[in-house]
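One structure is given below, encoded as structure tokens.
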């Protein structure tokens, strides 16, 4: 029988992967112009959101949870106005999801309550994983909404 900590890690990893599949489905229906189009001046394009999600996973999971280097450039994620096409964005984000999901799935449960310093305060690894998965899900919803509202892909 799986313990609650084991279930948390497995479900967190699975949630990232299932949300990635939804993002891929949305992006597959978009050309380069659509993927970089911002719905309005207060919103980000699906491409910006994908770059942001990849950077966030690398920073939260790769750096804060696993202890790897922090190579994120958050400003660049949002300031980009052109770049990779939908297939390339899927590849970038899929690599980040695969890495994060593997780190999460492989984390020993006795390390979930370890304290790590991140963004000027102490967090447990469990808190960071929870935040990363929630953040990914919220932006997945934005990408789905953009795809639906522009009739780029019929999602039901």
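The values are calculated or read from the model by the stated rules, or taken from the named source; none is laboratory data. Predicted model, so just to flag it, every value in this text is computed and none were measured. So basically every Cβ, Gly included, is an ideal-geometry build from the backbone, and we count neighbours across all protein chains shown.
Could we say that residue 122 is over 17 Å from residue 7 (Cα atoms), touching a strand residue (DSSP E or B) at 6+ places or on another chain (Cβ under 6 Å) and not in a loop (DSSP other than H, G, I, E, B) here? Yes, satisfied. Please work out if residue 135 is surrounded by fewer than 16 Cβ atoms within 10 Å (Cβ to Cβ), assigned to a helix (DSSP H, G or I) and within 16 Å of the chain's Cα centre (by Cα). Yes.
Listed by first and then second residue, the pairs linking a residue in the stretch 1-28 that is surrounded by fewer than 17 Cβ atoms within 10 Å (Cβ to Cβ) to a residue that is at pLDDT 95 or above and part of a loop (DSSP other than H, G, I, E, B), with Cβ atoms under 7 Å apart and 6 or more places separating them unless they lie on different chains, are 5/112. Scanning the stretch 85-109 for residues that are more than 14 Å from residue 65 (Cβ to Cβ) and part of a helix (DSSP H, G or I) yields 86, 87, 88, 89, 90, 91, 92, 93, 94, 95, 97, 98.
Only one of the listed residues (116, 97) is surrounded by 15 or more Cβ atoms within 10 Å (Cβ to Cβ) and under 15 Å from residue 24 (Cβ atoms). That residue is 97. Assessment of the stretch 35-44 against the conditions (closer than 25 Å to residue 108 by Cα and buried (at least 17 other Cβ atoms within 10 Å of the Cβ)) yields no matching residue.
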